[in-house]
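So the structure is just underneath, and the comments pick up after that.
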Amino acid sequence: MTQNASAPAPSAAPWHVPTSLMTDHYELTMLCAARRAGTAERRSRFELFSRRLPDGRRYGVVAGTGRILEGLSRFRFSTAEVDFLADHSVVDDATLQWLADFRFSGDITGYAEGEVYFPHSPVLQVESTFAEACILETYLLSILNYDSAVASAASRMASAAQGRPCIEMGARRIHEEAAVAAARAAVIAGFAATSNLEAGRRYGVRTVGTAAHSFTLLHDSERAAFEAQVAALGRDTTLLVDTYDVEQGVRTAVEVAGRALRNVRLDSGDLVQQAHEVRELLDSLGNTETGIMVTSDLDEYAIASLRSAPVASYGVGTRLVTGSGAPTASMVYKLVARQDDDGTWVDVAKASSGKASHGGRKDAVRRRDARGRAVAELVGVNRAPAADADDRPLLHTFVKDGELQEGWTGPEAVTRAAERHAASLAELPRAAARLQPGEALIPTIFQED
């Protein structure tokens, strides 16, 4: 089943309506100039990729494709937006009319969400007229660069946690819409839940939350605060025990909630030492099944340092939603081929020092050895890669002739992407779990005619 990109989806909702003016001025001036030159309608192929991974990273994670597709069918230039462009003389009248009638009618292929990628992996490819592909550039890059940065950080954190649940809770550190995107990306890359309710509503991801220090401080005593929380949420809850004295907080929490208490939460101090002390105390009080949740500016390195501590789960905020040192995936969007006036395809590529690209249409597979371990990214240029039976195809069709293909948007897409990510990680070399700086896990090998 397909969905026409020229009409809103049945599940259309206000949050899925992007403004086409969240773009760079020069996208439209290029469009205007190309229309005047008679080249705007040339069939073109654009490719979105990263020339390099952030320093020390071994792999990246694709995220954001579903959000792109959700908004693409409603990427429109409304009367108000066209009037703004006219009032500010951004483009000529003929281009204004073209924008008013804009509907994407091309093809989009790329790596599935949740897939890992490497330098020069053809993460997303757009084939359409130059005019259509040109005005999508900023929209595509702004989503994929942020979502992939968060997903890449989340994957490292979830890996460092070694099966212990990680919870995304960074909404208060970023723009409100970015918070929803971050929660979605984190769950794709292995996080168990988010504190963001809007992400839960839009994408069906699990949401969790209990109380902050202010809740304890509101009440006349810590005991009164715990009693109020348990009365409202039940004994199977998480009580924050470090507002005053940790030891007394734990004792009070056990007295109030009993052995049914799910977790106690630590949010400050030496988390490793405190976790050991709290574990001993909980066990001595008979709460052997009560877990310890830790928060407090965690990143993948802090999580790794807590591996030996008796921690049940992690709450991660600021470092996750800012990419843990890499706030962008540094992806670029480049024209790699276009047709001449006679319809002949011509490969094009940028040759600037340090910014070279590979022209031509790409196809990609992941080469795997006899044990199913990834050993290389094979990228065919204007040809299929020389694959064998163990190689896994990487490119999928998301949009064909303007028609959105089923299964790549909504809650089901998040579940599908999380499954894809887990499977992709499982086939990577063991070094994928290392946090020490290093080169990309596998090489990207181009095979050209």
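The values are calculated or read from the model by the stated rules, or taken from the named source; none is laboratory data. As the structure is a computational prediction, the values presented were derived from the model and not from experiment. Heads up, the Cβs are rebuilt from the backbone with ideal geometry, glycines too, and the neighbour counts pull from every protein chain shown. All accessible areas refer to the heavy atoms of the entire protein, side chains included, with ligands and DNA or RNA removed. Shrake-Rupley method; radii C 1.70, N 1.55, O 1.52, S 1.80 Å.
Just a few scattered comments:
- Across the stretch 129-146, a minimum of one residue is classified as closer than 30 Å to T95 by Cβ and either modelled with pLDDT under 95 or part of a loop (DSSP other than H, G, I, E, B) (or both).
- Residues of the stretch 111-138 that turn out to be open to solvent by less than 10 Å² (accessible area, probe 1.4 Å) and over 15 Å from the mean Cα position of the chain (by Cα), as a count: 10
- Residue in the stretch 149-158 that is part of a loop (DSSP other than H, G, I, E, B) and either among the aliphatic types (A, V, I, L, M) or closer than 28 Å to R43 by Cα (or both) present: no
- Looking across the stretch 226-275, the residues that are touching a His at 6+ places or on another chain (Cβ under 7 Å) and either open to solvent by less than 20 Å² (accessible area, probe 1.4 Å) or hydroxyl-bearing (S, T, Y) (or both) come down to L240, T243.
- In the stretch 393-421, the qualifying residues are those that are open to solvent by 50 Å² or more (accessible area, probe 1.4 Å) and outside any strand (DSSP E or B), and the one that is farthest from V61 (Cα to Cα) is D401.
- Taken together, S50, S105, S44 contain a single residue that is small (G, A, S) and open to solvent by 40 Å² or more (accessible area, probe 1.4 Å), which is S105.
- Test result for T194, polar (S, T, N, Q) and touching a Gly at 6+ places or on another chain (Cβ under 9 Å): yes
- Residue tally, condition open to solvent by 50 Å² or more (accessible area, probe 1.4 Å), part of a loop (DSSP other than H, G, I, E, B) and farther than 17 Å from Y301 by Cβ, over the stretch 430-445: 2
- Residue, farthest from the chain's Cα centre (by Cα), within the stretch 292-306, restricted to residues that are more than 25 Å from D236 (Cα to Cα), touching a residue at least 40 places away in the same chain (Cβ under 8 Å) and open to solvent by 10 Å² or more (accessible area, probe 1.4 Å): A304
- Failed criterion for A370 (all others in (1) surrounded by 15 or more Cβ atoms within 10 Å (Cβ to Cβ); (2) free of Cβ contacts under 8 Å to residues at least 40 places away in the same chain hold): (1)
Yes/no per residue for (1) closer than 21 Å to V250 by Cβ; (2) under 33 Å from the mean Cα position of the chain (by Cα); (3) not small (G, A, S):
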| residue | (1), (2), (3) |
| --- | --- |
| A186 | no, yes, no |
| A192 | no, yes, no |
| A199 | no, yes, no |
| R202 | no, yes, yes |
| A212 | yes, yes, no |
| F215 | yes, yes, yes |
| A224 | yes, no, no |
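- Which numbered condition D388 misses (of (1) open to solvent by 30 Å² or more (accessible area, probe 1.4 Å); (2) over 19 Å from S44 (Cβ atoms); (3) touching a residue at least 24 places away in the same chain (Cβ under 8 Å)): (3)
- The number of residues in the stretch 59-78 being of a type in the set (S, T, N, Q) and modelled with pLDDT of 95 or more comes to 1.
- Subset tally (residues that are open to solvent by less than 10 Å² (accessible area, probe 1.4 Å) and β-branched (V, I, T)) for the stretch 140-161: 1
- The residue pairs whose first member lies in the stretch 327-343 and is polar (S, T, N, Q), whose second member is not in a loop (DSSP other than H, G, I, E, B), and whose beta carbons are closer than 6 Å, counting only pairs six or more residues apart or on different chains, are T328/N145; T328/A149; S330/S50; Q339/R43; Q339/W345.
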